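Right, one structure below, let's go through it.
Values quoted throughout were computed directly from the atomic coordinates according to the rules given, and no laboratory measurement underlies them. Nothing here was measured: the structure is a model prediction, and the numbers come from that model. As a convention, Cβ positions derive from the backbone with ideal geometry for all residues, glycine included, and neighbour counts pool all protein chains shown.
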Amino acid sequence: MTLSQDYVADYASTFVKNLIEYSPKLISAFLILFIGLYAIGLINRLIRKVMIKRDLDPTLTNFLADILLWVLRVLLFVTFISKLGIETSSFVAILGAMGLAVGLSLQGSLSNFAGGMLIILFKPFKVGHLIEAQGELATVTEIQIFVTKLTTANNQTVFIPNGILSNGTITNYSLQKYRRADLTFSISYDSNIKKAKDLIMEVLNNNPKVLQTPKPEVFVKNLTDSAIQLAVRPWANNEDFGAVFTETLENCKAAFDTAGIVIQPYVKEFSATTT
């Protein structure tokens, strides 16, 4: 098959004519695209600065700024293709169908996204809080859209999906200003209960990290077959809790040794049945 020179010339002429006629739309569309991208970046930075100046939570700031960024980008893209002369109604219908298909295939991810929004809005915990959830006791280092990043005491990183995290039980150890340590000492029946209680109270009162309001408590918790159990309840600020817990154990043991009070070892009780 051969092409005549006249056909090629007509085709080239038509192409150049259409290009010249279409070039204003093309140029204006790309101008809108580039200017829009610059304006979106500028707006995003401005919104972030405003939210930071208003002392908004950093996690919420990043989340809202990211959502705004992608919404503006989608609107800019629709404007861009509309300026090129492409029908946006059919394009929006295609996007809707694609969104439905993607939504059905990513139900778990959407659940995690919704969980992330609930966590950010209702704030059961913040970055830096010590929490216990899904069998993990760790510090929150980052709240992302789909997962929450935790760091354990032995420096391991744990990622928990926001869906199950927002629907599960969360214990927040950092939400209150101070915590109570629940300790139990088992002493022998030969020991003087009042003397043991006085020694424990002396240890607690001599520790500057132990709060006096609320007051620490020492009382008989239980009388078992093998020991007298004393409950020790000191209060401490969150940052001093670990130190108060360990120092109370160590100092009470030393005081008991000096006073001759015997700590009764744990004895497991068995129930015998006869047949």
5 Å is the cut-off here: which amide hydrogens, built 1.01 Å from N in the peptide plane, fall below it relative to Lys221, excluding neighbours closer than 5 in sequence?
Gln229, Leu230, Ala231
Give me the Kirkwood hydrodynamic radius of region 173-275, using the inverse of the mean 1/r over all pairs of distinct Cα atoms, in Å to one decimal.
14.7
Kirkwood Rh, Cα atoms: Rg over Rh of region 126-229:
1.16
Straight-line reach from Lys149: which lysines have a Cα under 17 Å away, not including same-chain ones fewer than 8 places off?
Lys123, Lys126
List the residues whose amide H sits under 5 Å from the amide H of Glu142, counting only those 5 or more places along or on another chain, with H placed 1.01 Å from N in the peptide plane.
Lys149
Amide proton proximity set for Val158, modelled H, under 5 Å, gap of 5+:
Leu150, Thr151, Thr152
Which whole number in µm²/s is D for region 125-172 by Stokes-Einstein, with the Kirkwood Rh taken over Cα pairs at 10 °C and 1.306 mPa s?
153
Tell me which lysines have Cα within less than 28 Å of Lys83's Cα, excluding those fewer than 8 residues away on the same chain?
Lys17, Lys25
Summed over the other residues with a beta carbon less than 12 angstrom from that of Ile43, with K and R at +1 and D and E at -1, the charge totals +4
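By counting other Cβ atoms within 10 Å of each Cβ, how are Lys123, Lys197, Lys49 ranked from fewest to most?
Ascending Cβ contact count within 10 Å gives the list Lys49, Lys123, Lys197.
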Straight-line reach from Lys194: which lysines have a Cα under 19 Å away, not including same-chain ones fewer than 8 places off?
Lys215, Lys221, Lys253
